[in-house]
Amino acid sequence: MTELKLQQSLLDGRYEILDCLGRGSYAEIYVARDLSALEGEPTTVVIKALNILLQGVPDTDLERTLIENFQNEAVALDRVRHPNIISRLGHGTAIDLSGTAFHYIVLEYMAGGDLGARCRQQSLSLDRALFYLKQVCSGLAHAHDCGVIHRDIKPQNLLLKADGQIVKIADFGVAKLEATEGVITRVGTNIYAPPEHNPLVQTGQLDASAIEGEPHLTPAADIYSLAKTTYTLLAGEPPRRFSHRQITELPESIAGKTWAVDILRVLKRATEEKPENRYQTVQEFWEELSDASLPPTQPLKPKDETEARVRPSSQLTKVAAVVEAPPRPRFDSRDRLNQSQAQGNGGRPRIVVPVRKPELNYTNQPQYQQPAIQVLHQSNAAANADYIALPADRRGRRTLRIFVALLIILAFAGILLATHYYVSRKRAAQQQSAITPSGNTSSPFVGREVNVTTQANLRRDPSMSSPTLRTVDRGARVRILSVNDNNTWFEVEVLDSNGNPDNTNPVTHGWMGRKVLDVD
């Protein structure tokens, strides 16, 4: 795993890297300050850097696919520019502080996080969920009108502005630019992916000859994912039970709501297995969803030509401001980049320049003066030499401090672990010594050690209605202490858990049904 060295650096002479927001399989996300932003333009931006070496050195085909997908994302974003779709602000190719060449695109920064994190904290009310979904439908309908299918709609790809009022669709890295372009390949997140490109059902690219005559990807794929996203926003949890299949019920937390039956009807149709049985446009899905959310006592006005209900998605698409996109990127492979540098072509990657440690302040964005550091165009080695030009004694002292701090942390962690182990053992021993059988101890079963035949509950009393003390795994070893009057419940002591000493759970004494014990 080779990560890019971009911390505390200046990219392309204008983007001061502030922090790393995260890493995926082949991309790294950084927040940066644009030192050359014009008045009215955002000064805080996101740098999405393609790092094909994150999972090791890829083969030629994989590298080509990664670069094509990365360029495809930039092209898709330019084609679907819309107030509810993340904007691309620029792109480039550079060499990091360790000499690794990489491509990057510049995106607008969304400080409010994603809808996935927001609904994990608390499920959204119906009104709030529809407030966001109206914007998502507007952006997605516009993308479909432009011939782009997202293929990975999910709450984590719906980003919020700092005030939480505007949501934008992000991550077009696997988008298909034409609905009829090529065969369907496996993409998408398992829980939200439709059957036609489910990553667990299909493995790799499908054989085009094997599916000749089959329908190509349609907007119904995004509508499927959008319906499961709607479930997550309303329920506060992903529809894991309905992975690979149609949504057929809502969780108990919202199933009793007045709107639940009508909303479920919409989600069921939107997640039909066959694409042709789903809603065919986002507009149609939004109309059905918004109608289903109306109070049951409110009469619906008939739709006619003089009084048609104007849907927000179409309205937003019509009034969307068209902002001129930056120049279209063209990203090359590592071999071509190396060849370009060797020939001294003018289009070679720019060298990343190190700067002082920035202040991490993403909200307050004062005018910032560019550090007076000479840009090095001669060689990457010169940049690296400048970056590490610290006095040797300062580097040694810093290394020693880090080493001592790590030793202290490890010692403290060891003390905590030993204390936890000692307390757990002592508590278990005390409880074991205090066990007094409460049932019939004269049964021939008493004293036998038997195995648990299936995962079962250890209960406080010999009754199915008795509270559960813990769950005992299949294969666990127990000792019978007593039985009830009709030999259907056994009072037991748990000796081990599936062949291992049970030192982690202090509850070892309770009642289990005869049918889950190997006593016959």
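What is the Cα centroid distance between segment 1-39 and segment 43-57, reported in whole angstrom? Computed from Cα coordinates, the inter-centre distance equals 8 Å. A convex hull fitted to the Cα coordinates of segment 435-516 yields 83 cubic angstrom per residue.
Between their Cα atoms, which of 176/268; 168/268; 154/228; 48/168 are more than 19 Å away from each other? Can you show the working numbers first?
Working: 176/268 25 Å; 168/268 25 Å; 154/228 8 Å; 48/168 17 Å.
Too far apart for the 19 Å limit: 176/268; 168/268.
Where a number appears in this text, it was derived from the coordinates with a stated rule and is not lab data. Note that the coordinates shown come from a computational prediction; the quantities given were computed from them, not determined experimentally.
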